[in-house]
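Novice: Below is a structure I'd like to ask you about.
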Amino acid sequence: MISDMSRPNPRVVVLSFIFVLAVFAAYLVGKSVYQYDTLFLLGGVIATFLIGASLIDPRVSLGIIVVCMMLSPEIPIGTSGSREVALRAEDFLIPLTLFSLIGRKITEPSQRLIFKPLFMPMILFVAVSIGSTFFAYYDGLVRAGTASLYILKTVEFFLVYFLALNVPRNREDADRILWTMFATAIVVFLITSSQIGTVDRLGAPFEGDKPEPNTLGGYLALMIAILGGFVFRHPSERIRTFCIALILALTLPLLFTLSRSSYLALGGIGLTFIFVERRPGIAIGVITALFFIVLLAPDVVRDRVETTAELVEGPFTTEFVLEGSAASKFHIWVWFKIAMKTRPFLGWGTTGAGLVDSYYPRAFAEGGVFGFGLFLLIQFSLFRLAILGRRSKDAVTRALSTGYLAGLVGLSAHSLGANTFIIVRIMEPFWLVTGLIAFRLNLERSENDPASVKAPPLAATT
């Protein structure tokens with residue numbers, strides 16, 4: 001009898017065929033049009049292969065999307081107003097994976113789509129964003145094209161959550177996605193750490209001519225939080241050791257982003273672990289780690305922190321003066337007051353507030369009371385999801401949820417000085433982890449109570 005391991009996987013055969021076909025097609029096109037242009041040949045092969053993988057198996061496609069979240073280059077395609085418009089690989093892969101997923105559900109009726117938890121707050125948030133932007137456009141406050149792109153970006157984040165919630169079929173699939181995310185973090189570390197000393201501040205890989213250190217810092221803070229959850233909650237000593245090593249590695253490029261918002265996020269993550277674990281050993285360990293980070297920080301990092309504020313002596317008084325960048329983070333909170341007086345209910349619409357480099361005043365200015373209230377509702381639902389995950393019987397779910405909770409606090413702190421919750425390279429991994437936690441909780445509930453499969457799982461969290 002032939003074992004299953006010796007039989008060729010049909011999907012592997014088909015994907016191999018598509019890859020060979022892509023090489024041949026790209027060769028012919030490159031020969032006839034671009035005279036063997038190597039970059040075009042490589043791009044054609046990769047693009048065709050990714051499209052084929054997306055249509056054949058959404059699980060393969062979701063794994064590719066995880067890699068692209070940080071490693072996809074940004075391709076400028078034009079401008080909208082004063083903002084540059086760029087496309088990334090996952091902008092194409094996400095809708096393709098969604099179509100593939102829907103097709104799978106149609107051909108396999110037993111596999112139903114899951115929408116809850118979080119579905120209703122998401123729909124309402126997008127609806128209010130569209131409504132506020134429509135009225136703002138009617139009053140001449142926003143550009144339709146630019147605002148639409150930002151709303152679509154938010155929809156894309158929610159689609160990542162939806163795919164992570166529905167694509168995996170079992171815990172093994174979810175684990176593979178998680179390990180792919182960790183492997184991507186290792187690649188990000190290798191790329192960014194190799195740039196230390198060659199650039200003033202580190203940015204995310206392939207970010208273009210204008211790297212954003214806050215983006216890389218926010219992503220690294222999130223990954224450190226997730227890994228920290230495994231350090232404190234996973235039973236395997238080997239996995240805990242791996243996570244500790246990766247945390248130490250990722251801390252290095254985070255420091256060299258010189259992003260004060262990311263330092264603040266790191267502090268919030270550490271305090272969260274101390275609070276939620278409530279074990280003296282963990283408190284001592286976290287405090288010791290933060291102490292050594294401060295003690296061993298390079299001079300350039302210390303200078304960045306020390307110049308945040310300084311005491312200036314005047315002829316009669318001594319004033320506490322913030323550095324220009326830090327001071328601007330406080331001044332933009334005036335948008336709360338402006339929006340409340342002028343457009344309190346629906347705000348100025350998406351992008352109507354301009355370049356506000358802090359998410360909370362921006363969310364209120366753009367969405368008013370309704371939009372900001374729904375954002376807070378989503379935040380509350382996310383915290384509740386993390387707390388439910390920490391109560392799970394599954395060790396990986398508990399570890400992932402613990403790290404996610406710390407990451408959510410860290411990103412909330414990070415957003416005081418950055419538009420964290422609309423930054424693609426931070427939010428895509430964040431919503432991916434959100435979906436994986438929700439998937440694991442739904443799976444656990446269906447295993448414990450088979451009759452609950454017919455009912456919307458975790459409906460109470462909406």
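The values are calculated or read from the model by the stated rules, or taken from the named source; none is laboratory data. As the structure is a prediction and not an experimental result, all values here were calculated from the model. A quick note on method: Cβ atoms are made from the backbone with ideal geometry, for glycine too, and the neighbour counts reach across all protein chains shown.
Novice: Would you mind stating whether LEU416 is outside any helix (DSSP H, G or I) and in contact (Cβ under 8 Å) with a residue 24 or more places away in the chain?
Specialist: Judged against the criteria, LEU416 is a match.
Novice: So for segment 178-200 (the condition being touching a Ser or Thr at 6+ places or on another chain (Cβ under 7 Å), aliphatic (A, V, I, L, M) and touching a residue at least 40 places away in the same chain (Cβ under 8 Å)), does at least one residue qualify?
Specialist: Within segment 178-200, none of the residues are touching a Ser or Thr at 6+ places or on another chain (Cβ under 7 Å), aliphatic (A, V, I, L, M) and touching a residue at least 40 places away in the same chain (Cβ under 8 Å).
Novice: While we're here: Which residue out of LEU388, LEU400, LEU443 is outside any loop (DSSP other than H, G, I, E, B), surrounded by fewer than 22 Cβ atoms within 10 Å (Cβ to Cβ) and either touching a strand residue (DSSP E or B) at 6+ places or on another chain (Cβ under 8 Å) or modelled with pLDDT of 95 or more (or both)?
Specialist: LEU388
Novice: Look at GLY218 and say whether it is under 15 Å from the mean Cα position of the chain (by Cα) and modelled with pLDDT of 95 or more.
Specialist: So GLY218 passes the test.
Novice: For segment 155-170, check the following and say yes or no: at least one residue is surrounded by 15 or more Cβ atoms within 10 Å (Cβ to Cβ) and over 19 Å from ALA438 (Cβ atoms).
Specialist: The answer is no, given that none of the residues of segment 155-170 is surrounded by 15 or more Cβ atoms within 10 Å (Cβ to Cβ) and over 19 Å from ALA438 (Cβ atoms).
Novice: If you don't mind, another one. Residue by residue through segment 178-200, note down the ones that are aliphatic (A, V, I, L, M) and either within 14 Å of the chain's Cα centre (by Cα) or surrounded by 20 or more Cβ atoms within 10 Å (Cβ to Cβ) (or both).
Specialist: LEU178, MET181, ALA185, VAL188
Novice: Now, a different point. Would you be able to tell me the number of residues in segment 100-141 that are within 30 Å of THR342 (Cα to Cα), part of a helix (DSSP H, G or I) and of a type outside the set (Gly, Ala, Ser)?
Specialist: Number of matching residues: 14.
Novice: Taking segment 142-160 as the region of interest, how many residues are within 17 Å of ILE65 (Cα to Cα) and not in a helix (DSSP H, G or I)?
Specialist: Count: 0.
Novice: Sticking with this structure for a sec: Here is a check on your reading of the model: is VAL167 at pLDDT 95 or above, under 16 Å from VAL67 (Cβ atoms) and in contact with a helix residue (DSSP H, G or I) (Cβ under 8 Å, 6 or more places away or on another chain)?
Specialist: no
Novice: Those residues that are assigned to a helix (DSSP H, G or I) and either surrounded by fewer than 22 Cβ atoms within 10 Å (Cβ to Cβ) or without any contact (Cβ under 8 Å) to a residue 12 or more places away in the chain (or both), I need them from segment 330-358; list them, please.
Specialist: PHE330, HIS331, VAL334, PHE336, LYS337, ILE338, MET340, LYS341, THR342 - these are the residues of segment 330-358 that are assigned to a helix (DSSP H, G or I) and either surrounded by fewer than 22 Cβ atoms within 10 Å (Cβ to Cβ) or without any contact (Cβ under 8 Å) to a residue 12 or more places away in the chain (or both).
Novice: Then there's this: One residue is enough: does segment 189-202 have a residue meeting the conditions in contact with a strand residue (DSSP E or B) (Cβ under 8 Å, 6 or more places away or on another chain) and of a type in the set (A, V, I, L, M, F, W, C)?
Specialist: Taking every residue of segment 189-202 in turn, at least one turns out to be in contact with a strand residue (DSSP E or B) (Cβ under 8 Å, 6 or more places away or on another chain) and of a type in the set (A, V, I, L, M, F, W, C).
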